Amino acid sequence: MERLIEGHKHFLAEVFPGKRDQFHLLAESQAPEWLFITCSDSRIVPDLILGTGPGDLFITRNAGNVVPVAANDVDGVTATIEYAVEVLRVKHAILCGHSDCGAMKAALDRKNLENLPKAKRWLSHVEGAFSHRQPLNPADGDAGELAALIRGNVIAQWLNLRAQPAVARAVQEGRLTVHAWYYDILTGRIEEYDEKERRFAPLLG
Ligand SMILES: [Zn+2]
């Protein structure tokens, strides 16, 4: 814990004073433009890779960047999405998967889930990845098969996201755009799914 205590000391002494005005404004309200849905993986730091900061991204994260399909039970992800779209009125919703995703590795090799009953049930949400699996990309090297499945999961969850009633309504009204991204940890680069071309392409042409 010492590292975190030291980090917080540094924040209060060195970072906060320079952003005092920004935090003062943010203390009473937020108006983020982007809903960002990604994996819990520690290697994805949205503000770092997107140049954003406090007040910018409304974020929900879970193992495998899952958006559960409509179910009777409420869940944290879809409740968060509904709030972001209906109350905060975000302009963009971004579903972001990533290379070397442990959740997708587990989906490929289920025998590692024997002692993880909750994770096992949760991963039933990524079954759709198999039917949207993408072509192998030579740039992914030995991880090609996994990367193709991860991209498939991005598409599956992006479709689930678009099917959320609040999202579908906002898209219909022309006030929300929904994006599907794949983030490569090794290169730091992001790919975006091009719906017309039905393939992933670099976000920065
Ligand atoms: Zn992951």
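In region 100-144, what residues are polar (S, T, N, Q), in contact with a strand residue (DSSP E or B) (Cβ under 9 Å, 6 or more places away or on another chain) and either part of a helix (DSSP H, G or I) or crowded, with 20+ Cβ neighbours inside 10 Å (or both)?
GLN134
Among the residues of region 28-53, write down those that are touching a helix residue (DSSP H, G or I) at 6+ places or on another chain (Cβ under 7 Å), more than 15 Å from the ligand (Cβ to nearest atom) and assigned to a strand (DSSP E or B).
LEU35
Under 8 Å between Cβ atoms, which residue pairs at least 6 apart in sequence (or on different chains) link something in region 17-36 that is without any contact (Cβ under 8 Å) to a residue 60 or more places away in the chain with a partner that is among the acidic types (Asp, Glu) and not in a helix (DSSP H, G or I)?
PRO32/ASP56; GLU33/ASP56
Report yes if some residue within region 54-75 is assigned to a helix (DSSP H, G or I) and either surrounded by 11 or more Cβ atoms within 10 Å (Cβ to Cβ) or within 16 Å of the ligand (Cβ to nearest atom) (or both); otherwise report no.
Looking for residues that are assigned to a helix (DSSP H, G or I) and either surrounded by 11 or more Cβ atoms within 10 Å (Cβ to Cβ) or within 16 Å of the ligand (Cβ to nearest atom) (or both), one finds none in region 54-75, hence no.
Could you please find all residues in region 164-192 being β-branched (Val, Ile, Thr) and within 17 Å of the chain's Cα centre (by Cα)?
VAL167, THR177, VAL178, ILE185, ILE190 - these are the residues of region 164-192 that are β-branched (Val, Ile, Thr) and within 17 Å of the chain's Cα centre (by Cα).
HIS98 fails exactly one of the following numbered conditions: (1) touching a Lys or Arg at 6+ places or on another chain (Cβ under 8 Å); (2) over 18 Å from ILE190 (Cβ atoms); (3) within 16 Å of the ligand (Cβ to nearest atom). What is the number of that condition?
The number of the failed condition is (2).
List every residue pair whose Cβ atoms sit under 9 Å apart, with the two residues 6 or more apart in sequence or on different chains, where the first one lies in region 49-62 and is among the basic types (Lys, Arg) and the second, anywhere, is part of a loop (DSSP other than H, G, I, E, B) and modelled with pLDDT of 95 or more.
Once the first residue is among the basic types (Lys, Arg) and sits in region 49-62, its partners that are part of a loop (DSSP other than H, G, I, E, B) and modelled with pLDDT of 95 or more give ARG61/SER40; ARG61/ASP41; ARG61/ILE44.
The values are calculated or read from the model by the stated rules, or taken from the named source; none is laboratory data. Since this is a predicted model, take the numbers as computed values, not measurements. With ideal geometry, Cβ positions are generated from the backbone for all residues, glycine too; neighbour counts draw on all protein chains shown.
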